[in-house]
Amino acid sequence: MKASADETTRERDMPTVNEAPSSGHMIECRDLTKVYLSGDQETHALCGVSLTIDPGEYVAIMGPSGSGKSTLMHILGALDNPTSGEYYFEGQEISEFSDDELADMRRLRIGFVFQQFNLLPRATVLRNVVLPLVYSGIPRGEREEKAEAALRKAGLEESHWTHLSNQLSGGQIQRVAIARALINDPALILADEPTGNLDTKTGDIILETFNELNDKGHTIVLITHESAVAERARRTIRIMDGLIVSDQRNGHHRAAAVAAPAPVDAAAPAETAAAAGETEVVS
Amino acid sequence: MKLSDILEESVIAIGANKVRSGLTVLGIVIGIASVIALTAIGQGSQASITSAIESAGSNLLTVSPGASSSGGVRGAYGGAKTLLLTDAEAISELSLVKAIAPQVTGRYQVIATAGNSNANVIATTAAYETVRNVTMSGGTFITDSDTSSYSKVAVLGSTIATDLFGDPAAGGTDPIGQTIRIKSTKFTIVGVTAAKGGFGPDNADNAIYVPLSTGMRFLAGETTYLSTLSITAVDQKSMDQLQTDITDLLLTRHKISDSTSADFRVMNQADLASTMTSTSRTLTLLLAAIAGISLLVGGIGIMNMMLTTVTERTREIGLRKAIGAKRRDISIQFLVEAVIMTFLSGIIGVVVGWLASMGINHFGGLNSVITVQWVVIAFGLSALIGIVFGFYPARRASGLNPIQALRYE
Ligand SMILES: Nc1ncnc2c1ncn2[C@@H]1O[C@H](COP(=O)(O)OP(=O)(O)OP(=O)(O)O)[C@@H](O)[C@H]1O
Ligand SMILES: [Mg+2]
């Protein structure tokens, strides 16, 4: 375990100590693999994924079902460990983090929206949303304000705020999960199919929220199956069978999403870093 | 995480699954309540036996005529005619004797104006009152002058008084001043004893007391033989010595050289008391064992509840970790939950157990005494079970990474 003085230092200024490239990337992965063992059977969910994502990026991840998108997101969100490979978050190697440091990182730096929306059953919507703040020891009054703001951004009608989470529809649950991810105003938002259960209108409210957050400098990574959703992002990564098959900048401003030009096939995984570097120039 | 939040989170979690929490509480309540109620019965019967023995008189020795227990086949004990009034006088000279009350006992038909009965009539002296610890509810006991003047007076036990004259509280006549006929002799009632409690036909509440001289002359038919001698020793620790002294004295007086062929028997109240208390202690332990089994069953119920919900709770732990809870936050929450549950049920269990033993006291006619020691044991054990099985699985689960915990089956 590291001293808490260390922790605070890390939160304030970015990478200095590590042997990681001090390029100021928010996320840098090298050769991530994930092998699931169930009985004798090995499933290779990730087979060597390398990518970098810079602060302020808006990335969509696409790919067929079972290609390893959720697995990658869990690793990026510090919820699961890779089988091999390196993952630097804000310049720090994640595997060197203590359990408590990981908890701080999940609570303060990252907002995660699960594919299966994990809410506490039999607890109210508001309680679910404020939970990350409860673990931060934030005073009650402040908690309520933030929760209400987050629920508005996620587009959940006020009449549902005091419902128990198991009395909600799939789309409402999804919005609660998004509100919870937004509550700590995290630098990085990871959303696993956040609009999968929503009609286009409510989906749009959420995507608009993401756009606004991105404009304010938040980094957003989302998984989607819909190209219309992916086109709102500035960069699209395609995954197949646990490998990145394309990494393409949507060479347009997202206001012009409808008239997007044909995708340019990006470089192989090893060149991803270079491609990501160009992203800065485009936007 | 703040204390108020930890408490709130725990209370929400307990309330979120009412069936699980309810069954866990029920298990502990049953365990604790049955331990308390059953041991209370055991302790209560022990206490009533002790008090019954003590109410017979303290530091009491009794001498009965007839064969000693080790003397083989002899005439029926108690019926033999070997104890004389002169023996009683000789014993009263012994230095360790504080008081002595000779008795001649017989069963006679007793007739009063209102009713009749068959009663144990004890002819004795004034000393009997202190030796056998008699308390009066009205009038006086037999006096020395009654004995010396062959007065035809009688003192009634509380039960026989109501049998013959009715309950004074329910419109019966006051027996004092009334006359009764025992074996065709008229006696004037001068006193009624207070109820002592006890069982069987020789129950002191069922006895009638008359002066020794009167009883010997008019009832026993000019007898000179005694039925029993009740003797109080000067103190507790000289009882054994006095027992030996009396035995030696009577052996000499009756000219018997071999103590195994003694024609009398000296009994020590302490011996009786220790036999009775050890019997009732066995009873208490037996009841405690039964209670222990129900505590164990309750405990297994708790374990079962806790372990079957481990899957659900592991997912919950995974979710909490995923949104940034620290291991310590989770451990504390589950510990607080377990403590709240076990203490809540502990308190309910103690109250239920207490009410149950009060009920037994009141309606079951059994004496029951709650002992702090058993309350502590019952409470402590169930708290331990609840906390270990509520907390340990949670602590283990909090060490998993969030996805492992969320995927736990
Ligand atoms: N816990 C696990 N144990 C074993 N295999 C797993 C586990 N989790 C995922 N897998 C396997 O890993 C592969 C990738 O799964 P993943 O959930 O990342 O897919 P996905 O791209 O998110 O799919 P979808 O679009 O359907 O959500 C799949 O073949 C899946 O069966
Ligand atoms: Mg998925």
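Annotation: amide H of residue A:189 within the under-5 Å range of A:111, A:219, A:220, A:221, sequence separation 5 or more or interchain, hydrogens built in the peptide plane. Classify the stretch A:117-226 as rounded, prolate or oblate, taking a ≥ b ≥ c as the square roots of the eigenvalues of its Cα gyration tensor: rounded when a/c is under 1.5, otherwise prolate if a/b is larger than b/c and oblate if not. Oblate, since a/c reaches 1.5 and b/c is not below a/b.
Note on residue B:300/residue B:133: beta-carbon distance plugged into 1/(1 + (r/R0)^6) with R0 of 41 Å gives a FRET efficiency of 0.25. Couplings 3J(HN,Hα) of the stretch B:344-354, computed from phi: 4, 5, x, 5, 4, x, 5, 5, 4, x, 5 Hz, in residue order, whole Hz [Karplus 6.51 cos²θ - 1.76 cosθ + 1.60, θ = phi - 60°; x for Gly and Pro]. Among B:303, A:73, the order of accessible area from largest down is B:303, A:73, computed with a 1.4 Å probe on protein heavy atoms.
Please work out the Cα center distance from the stretch B:357-382 to the stretch B:1-70, rounded to the nearest Å. Between the Cα centres of the stretch B:357-382 and the stretch B:1-70 lies a distance of 3 Å.
The charge dipole of chain B, taken about its Cα centre with unit charges on the Cβ of Lys, Arg, Asp and Glu (plus for the first two, minus for the last two), comes to roughly 1540 debye. DSSP assigns beta bridges within the protein assembly as shown; of those with both partners inside it, close to 70 percent run antiparallel.
Near residue A:90, the amide H atoms lying under 5 Å from its own belong to A:27, A:28; only residues 5 or more places off or on other chains count, and H is placed 1.01 Å from N. Averaging Cα coordinates gives a centre for the stretch A:147-175 and one for the stretch B:393-409; these two points are 27 Å apart.
Using the 1.4 Å probe convention, the accessible area of the stretch B:60-234 works out to 44 Å² per residue with neighbouring protein chains retained. Averaging 1/r over each pair of different alpha-carbon atoms in the stretch B:60-234 and inverting the result gives 16.6 Å, the Kirkwood hydrodynamic radius. In terms of distances greater than 30 angstrom between alpha carbons, the cross-link table entries A:146/B:326; B:186/B:255; B:98/B:183 yield B:186/B:255; B:98/B:183.
The values are calculated or read from the model by the stated rules, or taken from the named source; none is laboratory data. Predicted, not measured: the structure shown is a model, and the values here were computed from it. In this analysis, Cβ positions are derived from the backbone assuming ideal geometry, glycine residues included, and neighbour counts consider all displayed protein chains. The area values use the complete protein model at the heavy-atom level, side chains included, leaving out ligands, DNA and RNA. Shrake-Rupley method; radii C 1.70, N 1.55, O 1.52, S 1.80 Å.
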